[in-house]
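Take a look at the structure below.
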Amino acid sequence: MTNFVDELRWRGMLHDIMPNTEEKLNEGMCAGYIGFDPTADSLHVGHLTQIMTLIHFQRAGHKPFALVGGATGMVGDPSGKSAERNLLTSEVLNHNLNELKKQLGRFLDFGEGANAAQMVNNADWFQNFTFLDFIRDVGKHITVNYMMAKDSVKKRLEGETGMSFTEFSYQLVQGYDFYYLWKNHNCTLQMGGSDQWGNIVTGTELIRRKDGGTAYAITTQLIKKADGTKFGKTESGAVWLDAGKTSPYKFYQFWLNASDSDVKAWIRIFTLKSKEEIEKLEQEHDAAPHLRILQKALAEDITVRTHSVEALEAAIKTSEFLFGNGDLDFLKTLDAKSVLEMFEGVPQFNISKAELAEGIDAASLLAEKTAIFPSKGEVKKTVQGGGLSINKVKIAEPSTQYTTADLINDQFIIVQKGKRNYFLIIAG
């Protein structure tokens with residue numbers, strides 16, 4: 001076994017730890033859990049810190065439990081929220097739960113060993129728990145004063161929207177999750193983000209008051225970007241772990257675009273590289289920052305573990321196509337959805353195939369049939385300067401003709417002005 005707390009510590013992940021937790025973990029294999037609320041049918045990069053925590057926990061020789069909140073997902077955790085979120089129907093919830101189970105299986109070993117990961121759903125123990133039984137068997141052990149003292153409650157009560165009884169009861173529900181796992185699975189540790197500390201210690205308190213037991217708690221740092229913007233968000237929204245929601249190319253680019261000030265923290269948190277490996281990469285990076293050695297190492301590592309080696313290779317080829325001297329043949333291997341994802345945010349123009357079939361010269365195509373250039377004169381000037389390419393081929397004459405035979409995948413024409421300015425013509 002290795003020291004799990006030390007691992008979190010040197011990686012800069014550790015935030016709070018209950019007294020005697022480290023000593024307990026160093027005595028031998030322990031079971032610990034982290035909860036994931038199924039508010040969507042995919043996890044996103046904001047969940048990766050907790051996924052990595054479970055991975056390190058298992059690698060240290062301990063048994064990880066991933067709790068999917070089939071019950072708590074119907075309530076909603078007020079921690080870190082300024083307003084109550086929408087509640088989910090049971091159909092949506094069940095769909096989300098099934099998808100999350102598949103995703104977590106990519107990161108954790110759910111095999112047969114003593115410390116094999118285990119998935120649990122708190123709906124299994126809450127579905128037949130009546131309200132009266134709950135307030136009698138659980139509610140009587142935790143005072144309102146204790147619950148009101150929690151930051152997650154105080155902040156909401158001081159805010160404009162207040163807090164519903166549903167949300168107020170959340171810490172009792174999560175506390176009972178911990179009690180149930182402690183009682184039935186010998187789960188002595190709960191982990192989570194630093195905003196979960198209040199809910200987690202409610203669980204340890206319930207275990208102590210109800211059964212005189214001892215349980216432990218660890219929380220990790222909440223990830224923030226150096227520029228103050230929210231981690232895991234881009235202009236187009238959350239960065240999802242599901243390839244159908246965020247393509248592997250966009251996922252790869254998210255990590256590749258990390259700032260130098262962020263990447264030194266992120267490569268410790270989101271990869272399994274050793275301290276020695278990371279320090280060596282940092283030295284190489286500092287010697288030649290323009291090569292973005294740390295960003296590439298981070299992006300490659302996390303893309304392979306989240307998706308696959310093949311997905312990484314496709315993401316790199318896509319990047320090379322857009323920002324380097326990529327091969328047009330690569331584009332021909334992609335389906336229409338992948339091409340459109342690749343060029344998301346790029347100006348797009350539509351023309352009819354019937355019109356294109358008759359043949360259109362480059363100047364008319366770019367200045368009249370589309371608005372890529374304001375005039376034919378501008379097309380001519382750019383061509384003369386050697387700054388215009390169509391389908392990765394430099395245009396020598398504005399009179400060059402294009403027909404449906406020039407369509408990539410029978411649908412697209414790629415226009416490139418200079419090195420970085422792309423335009424997509426879609427024929428239909």
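Summary of values
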| item | result |
| --- | --- |
| Residues of region 189-211 that turn out to be polar (S, T, N, Q) and surrounded by fewer than 21 Cβ atoms within 10 Å (Cβ to Cβ), as a count | 1 |
| Answer from Gly76, Gly69 - the residue that is among the small types (Gly, Ala, Ser), surrounded by 22 or more Cβ atoms within 10 Å (Cβ to Cβ) and at pLDDT below 95 | Gly69 |
| Scan of region 214-267 for residues that are among the aliphatic types (A, V, I, L, M), under 20 Å from Leu14 (Cα atoms) and touching a helix residue (DSSP H, G or I) at 6+ places or on another chain (Cβ under 9 Å), ordered by number | Ala215, Ala217, Ile218, Leu222, Ile223, Ala226, Val263, Ile267 |
| Scan of region 328-360 for residues that are open to solvent by less than 40 Å² (accessible area, probe 1.4 Å) and at pLDDT 90 or above, ordered by number | Ile351, Leu356, Gly359, Ile360 |
| Test: residue in region 252-260 that is touching a Leu at 6+ places or on another chain (Cβ under 7 Å), of a type in the set (A, V, I, L, M, F, W, C), modelled with pLDDT of 95 or more and under 22 Å from Leu54 (Cβ atoms) | yes |
| Members of region 145-202 found to be over 18 Å from Thr21 (Cβ atoms), at pLDDT 90 or above and among the aromatic types (Phe, Trp, Tyr), listed by number | Tyr176, Tyr180 |
| Qualifying position, being open to solvent by less than 20 Å² (accessible area, probe 1.4 Å) and modelled with pLDDT of 95 or more, among Ala297, Ala287 | Ala297 |
| Helices (runs of 4 or more DSSP H) (entirely within region 311-428) containing at least 3 residues that are more than 30 Å from the chain's Cα centre (by Cα) | 353-357, 376-384 |
| Count of region 5-52 residues which are within 20 Å of Val201 (Cα to Cα) and over 22 Å from the mean Cα position of the chain (by Cα) | 14 |
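The values are calculated or read from the model by the stated rules, or taken from the named source; none is laboratory data. Being a predicted model, the structure only gives us computed values, none of them experimental. A quick note on method: Cβ atoms are made from the backbone with ideal geometry, for glycine too, and the neighbour counts reach across all protein chains shown. All accessible areas refer to the heavy atoms of the entire protein, side chains included, with ligands and DNA or RNA removed. Shrake-Rupley method; radii C 1.70, N 1.55, O 1.52, S 1.80 Å.
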